[in-house]
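The values are calculated or read from the model by the stated rules, or taken from the named source; none is laboratory data. The model shown is predicted, which means the values in this text are computed figures rather than measured ones. Positions of Cβ are backbone-derived with ideal geometry, glycine not excepted, and every protein chain shown enters the neighbour counts.
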Amino acid sequence: MGTLAQYMQDDHDRIDGLLARAVADPERFDHQAFEQFRSALLRHVGIEEKILLADARRRAGGVPLPIAPVLRREHGAIASLLVPTPDQALVAEIRALLDVHNPREEGPGGLYETCERLAGPNVLALLERVRAAPEVPMARHYDGVRATRTAADALARSAEAAPPRSFVPGAKSN
């Protein structure tokens, strides 16, 4: 495992620690820890979407990684679960989704290793871009009728919002 993969996995661990801290006391939800988690996770997803997946696609001659549609669907679901006001039940849904999602990125053959391999001798420059990624502006929580509170609903909505598999940016429609 190289430097980029280690950085990203360490970030997963840090983010997981913030989420655990939010629910460590069953009698008192730690909203401050959750907001730190939320900000860190959105930055992390932004890095994966805007830097890693984009860089891998460019280095692969414009062909997206085979795992990209799955990751994008899960990223959309994760982001939607960060919208409503959090509580213990919502954290359980987020945790369940992350438990499935994170292994797709970590370890042998995962996103991070693939990005390192594709970057080759340019991996340190890629890592610097990752480290320099800005924080994501935070919106207020929303609890209206369209707020999603389960991983299943979030995944279903994210799948509905995704472009068809044959979608190619810039291509003309028939």
| request: Output the number of the condition that residue 161 fails; it satisfies all remaining conditions of (1) surrounded by 10 or more Cβ atoms within 10 Å (Cβ to Cβ); (2) more than 23 Å from residue 85 (Cα to Cα); (3) aliphatic (A, V, I, L, M); (4) at pLDDT below 95. | output: (2)
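So, in region 1-32, exactly how many residues are within 18 Å of the chain's Cα centre (by Cα) and not basic (Lys, Arg)? Give the steps one after another, and end with the answer.
Quick first cut of region 1-32, residues within 18 Å of the chain's Cα centre (by Cα) only: 4-20.
Add one more test, that the residue is not basic (Lys, Arg), and what stays is 4-13, 15-20.
Count: 16.
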| note | Residue hits (region 1-52; more than 18 Å from residue 97 (Cβ to Cβ) and acidic (Asp, Glu)) are 10, 25, 27, 30, 35
| message | Regarding region 131-141, can at least one residue be identified that is under 18 Å from residue 46 (Cβ atoms), surrounded by fewer than 15 Cβ atoms within 10 Å (Cβ to Cβ) and either basic (Lys, Arg) or in contact with a strand residue (DSSP E or B) (Cβ under 8 Å, 6 or more places away or on another chain) (or both)? | response | yes
| task | List the number of the failed condition for residue 86; all other conditions in (1) in a helix (DSSP H, G or I); (2) surrounded by 18 or more Cβ atoms within 10 Å (Cβ to Cβ) hold. | result | (1)
| said: Can you find a residue that is at pLDDT 95 or above, under 19 Å from the mean Cα position of the chain (by Cα) and of a type in the set (Val, Ile, Thr) anywhere in region 116-126? | reply: no
| Any residue in region 143-157 that is of a type in the set (D, E, K, R) and at pLDDT 95 or above? | yes
| message | For the condition touching a residue at least 12 places away in the same chain (Cβ under 8 Å), more than 21 Å from residue 154 (Cβ to Cβ) and of a type outside the set (A, V, I, L, M), what is the one hit in 26, 84, 69? | response | 26
| query | If you check residue 100 against the conditions, is it among the hydrophobic types (A, V, I, L, M, F, W, C), within 16 Å of the chain's Cα centre (by Cα), loosely packed, with under 14 Cβ neighbours inside 10 Å and at pLDDT 95 or above? | reply | yes
